[in-house]
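See below for the structure under consideration.
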Amino acid sequence: MKTNMILALMVSSLIFSCGKKETISEPSSMGIVDSLSTKKAFETVKPINEETCIDEVMQKDLGEKEVVKKVLADSDINFCNGLRVRVKIFKTSGDDIRIYGFAQSSTGKLSCLKNARDLTKIPFLGYQGTLTGNGIKISLGGHQYTSESKLISSDRLKAKYVKFDVASYSGEIGFFENDNLKCWAIH
């Protein structure tokens, strides 16, 4: 009887083990690769600060044979109840004027700033145009605002230009956060 039972167990195990066996395994793109790519994605996100917004972005924007000829202004301005704007203005070897900046609003929002295409410099008067960033925009002179607080260029205020000093400015500056005018001042 014992032999019959052992024989029956062996036969049943052979019956169940016959056939094609398939092992389910995770795809090769999962596991270690995913954790490495996620880690790499987090490492490529650089913190927003003065160095990354001004010096590093300026170096990336320079052309192959282009160099900084002169730093025209280096300002650190506290503006509008807690807004801090750090601006550096460079003149390149191609005689381009480029503005790079860092803004920190009173709500804690941080943004890198760059001059938009509308930036102009009038010798002895200053700058007009906009500095744009992620969710933050700074208008420099020659603008007015609609009843909906939208920025529009002004023919009437064309004489308003902004001159940067080390810790201050003179002229007209408007500050927008998420396209809403937060403050505007003529100084």
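The values are calculated or read from the model by the stated rules, or taken from the named source; none is laboratory data. Only a predicted model underlies this, so the values are computations on that prediction, with no experimental measurement involved. Surface accessibility is based on the protein's heavy atoms, side chains included, excluding ligands, DNA and RNA. Shrake-Rupley method; radii C 1.70, N 1.55, O 1.52, S 1.80 Å.
To the nearest 10 square angstrom, how much accessible area does residue 182 have with a 1.4 angstrom probe?
Surface open to solvent at residue 182 totals about 120 Å².
Counting only protein chains, not ligands or nucleic acids, how are 113, 181 ordered by accessible area (probe 1.4 Å), most first? Working shown, then result.
On the way: 113 0, 181 50 Å².
Per-residue accessible area, sorted high to low, gives 181, 113.
Just report the Cα centroid separation between the stretch 68-135 and the stretch 164-187, whole Å.
Result: 11 Å between the Cα centres.
Sequence-distant or interchain residues sharing an amide H contact under 5 Å with residue 161, placed H: which?
Amide H to amide H, under 5 Å and 5 or more residues apart or across chains, residue 161 pairs with 172.
Can you give the relative contact order of the stretch 50-121 as a percent, counting alpha carbon pairs under 8 Å and 6+ residues apart? Don't skip to the answer; put the middle values down first.
Values: 119 pairs, mean separation 19.6, N = 72.
Relative contact order here is 27 percent.
For a test of the definition: using alpha carbon positions, the gyration tensor, and the 1.5 limit on a/c, classify the stretch 43-102 as rounded, prolate or oblate.
Values: a/c = 3.67, a/b = 1.34, b/c = 2.74.
In terms of gyration-tensor shape, oblate.
Let me know the number of lysine pairs in the stretch 50-121 closer than 24 Å at the Cα, not counting same-chain pairs under 8 apart.
The result is 24.
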